[in-house]
């Protein structure tokens, strides 16, 4: 995934066929990594018991927000004016800043959900989980979302686009 052009309120990315397929697969994994809302209070269980309706409302609002974000990202990738296959098999995606942030949020939800399923490891302290057949998909999603998020964040922060060269595929 490469930022190839920046316009007024527009970022244009190019994906190789493999990168595009990896991103689409990653986005389809979202239902495997559901996230609930954090408890409204961690102070005491008594306080948490006193506000179950508020916790339920928060859970519902977050679930609705996540569905809305995911639907918005799906719409981006199904809009032929915004996303399309190019000659040679690469893909091009055009995002405004709002859409880039939406995609970033959806990817981050997947990333955090995968991290939680990995047991919340502290990667910065070099405490990595043992990769097994059972958790491989979590680790894969965690790593891929990191790569895609890095490109999106760099583009949003104003990094220069890479030259628009043909892919090697």
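Quick grid of which residues meet (1) touching a helix residue (DSSP H, G or I) at 6+ places or on another chain (Cβ under 6 Å); (2) within 18 Å of residue 102 (Cβ to Cβ); (3) surrounded by 14 or more Cβ atoms within 10 Å (Cβ to Cβ); (4) modelled with pLDDT under 80:
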site	(1), (2), (3), (4)
27	no, yes, yes, no
30	yes, yes, yes, no
35	yes, yes, yes, yes
41	yes, no, yes, yes
50	no, no, no, yes
53	no, no, no, yes
57	no, no, no, yes
60	no, no, no, no
73	yes, yes, yes, no
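One residue stands out in segment 106-144 among those that are touching a residue at least 60 places away in the same chain (Cβ under 8 Å) and more than 14 Å from the chain's Cα centre (by Cα): the one that is surrounded by the most Cβ atoms within 10 Å (Cβ to Cβ), namely 117. If the condition is being assigned to a helix (DSSP H, G or I) and in contact with a strand residue (DSSP E or B) (Cβ under 8 Å, 6 or more places away or on another chain), then segment 104-159 contributes 151, 154, 155, 156.
Listed conditions (1) assigned to a loop (DSSP other than H, G, I, E, B); (2) in contact with a strand residue (DSSP E or B) (Cβ under 8 Å, 6 or more places away or on another chain) are all met by residue 76, apart from (1). So which residues in segment 78-103 are buried (at least 17 other Cβ atoms within 10 Å of the Cβ), in contact (Cβ under 8 Å) with a residue 40 or more places away in the chain and in contact with a helix residue (DSSP H, G or I) (Cβ under 8 Å, 6 or more places away or on another chain), if there are any at all? Scanning segment 78-103 gives 90, 91, 93, 95, 100, 103.
The values are calculated or read from the model by the stated rules, or taken from the named source; none is laboratory data. None of the values given here were measured: they were computed from a predicted structure. No Cβ is skipped: glycine too gets one built from the backbone with ideal geometry, and neighbour counts run over all protein chains shown.
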